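Written below as structure tokens is the structure these notes are about.
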Amino acid sequence: MSHRPGAGWLGACIALGLLLAVGSTAVRAQDSEASAPRISLLTFGPGEIYWQRFGHNALLVRDRSGRGGTVYNYGYFDFAQENFFQNFIFGRMQYRLATGRLDQTLSQYHYEGREVREQRLDLSPAQARALEAFLRWNARPENADYRYDYFLEACSTRIRDALDRITGGALQPLQQTPARLTLREQVLRLTAPDPLLMLGLDLILGPAADAPRTLWEESFVPEVLEQALRGVQLPASEALESRSIVKSEHTLVARDPRRGAVLPPEDPPPLASAFLGAGLLWVALLLLAQRYSRVAWAGLAGLQLLIAGAAGLIMVFITAATAHWAGWYNLSAAFYNPLAWLALPAVWAAARGRVLHRGHCALLWMLPALAAVGLFAPLWQDNLHHALFWLPAHLALAWSALRMARQHPPHATAAA
């Protein structure tokens, strides 16, 4: 057998070179992963002020120490902004992406007694760098402003869209998953601790708020996006296997029940029985007043017509002049009729005991007639509870006005 001197040495050199190459690649991979930013989704619990009822969320880019970082907040608005309230009324609100330090953010929410939860995202180094670069670009003054929409362009939807884009569409399955609740049901649920706010928002929402939705659309609620991310899977790559987008979760600030807002229920409160009970009580008051006090009857009847007409005009205004698409074509206008104000002279005449002419009678009976037609509205819009109040109320008003007009005036005098 022949032996070539140096062959063993050559093989050892090749093997050493391969080891060094593999080691260098591993070191570069470790350096790459170590230098990539750590990004988390922060979800904030609801607050006591009306605009805090829906909760909030933001993206956190932690610094290398892991103890601090920059919070990217898409929910910034300014009351001092030019024409702020005019823009609010017409649905042309301007929000912006603002940045802040993590410690200051946590201190603020701790002061408000609101919970802060962190979901660390298991993004690849390339995805994390791309998301950080996008956030820095988006936070520049010339790029930070955007047209706000409660359901389509809000803090949570902006974060959802950014994560979907960076991960190559990993959140797209949410568009095929049916939502648990409609837009109206989420609004009613989240504002239930503040009944006046809840009833006001329920009043101005139209049929679009009751259309079937997907989990993608329902994630305008920060809490819903937080829950949805737990089921999102990132596709496998050359370096990483398929995995959940959420790597870990923990609470940064605990809720303080002494200062924090009352937590919303899991489902919207049932309103039908409450509206029916209120409607029957109102009918009883009208009928009692019609029997015992003209002044009290006139006050109740006038108040009913003023409320119905004002609410109806607001509904017409939202459809005709604003960008609040979720309130367009509100079918509750059958109950809150703008024409109700035209019946005020009939109430005045009835309260004075005068005989009502045909025009007065037509206006009074028009209101319950349209309310009866509105009983078909729940086929497209969840507003049956409004019918349970206004149909009996309008019927009682028309009937009591006719009864009142047949009675003699309280101060009738004999002819000389």
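The values are calculated or read from the model by the stated rules, or taken from the named source; none is laboratory data. What you see is a predicted model; the values in this text were computed from it and never measured. When we count neighbours, we look across all protein chains shown, and the Cβ atoms used for this are built from the backbone with ideal geometry, even at glycine.
Could you tell me whether the stretch 327-340 includes any residue that is among the aromatic types (Phe, Trp, Tyr), assigned to a helix (DSSP H, G or I) and in contact with a helix residue (DSSP H, G or I) (Cβ under 9 Å, 6 or more places away or on another chain)? I'd like the intermediate steps shown before the answer.
Kept after step one, since they are among the aromatic types (Phe, Trp, Tyr), are these residues of the stretch 327-340: 328-329, 335-336.
This time we only want the ones that are assigned to a helix (DSSP H, G or I), so: none.
No, every residue in the stretch 327-340 fails to be among the aromatic types (Phe, Trp, Tyr), assigned to a helix (DSSP H, G or I) and in contact with a helix residue (DSSP H, G or I) (Cβ under 9 Å, 6 or more places away or on another chain).
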The correct count of residues that are more than 23 Å from the chain's Cα centre (by Cα) and not in a helix (DSSP H, G or I) in the stretch 354-385 is 4
Would it be correct to say that ALA311 is within 23 Å of the chain's Cα centre (by Cα), small (Gly, Ala, Ser), outside any loop (DSSP other than H, G, I, E, B) and outside the structural domain of SER40 (by TED's automatic domain parsing)?
yes
Taking first residues from the stretch 209-226 that are of a type in the set (A, V, I, L, M, F, W, C) and second residues anywhere that are assigned to a strand (DSSP E or B) and surrounded by fewer than 20 Cβ atoms within 10 Å (Cβ to Cβ), the pairs with Cβ under 8 Å that are 6 or more apart or on different chains are LEU215/PRO178
Requested in this report: Return yes or no: is GLY169 in a loop (DSSP other than H, G, I, E, B) and without any contact (Cβ under 8 Å) to a residue 24 or more places away in the chain?
Outcome: yes
Inside the stretch 126-177, the number of residues satisfying the requirement of being over 16 Å from GLN233 (Cα atoms), surrounded by fewer than 14 Cβ atoms within 10 Å (Cβ to Cβ) and either aromatic (Phe, Trp, Tyr) or within 24 Å of the chain's Cα centre (by Cα) (or both) is 4
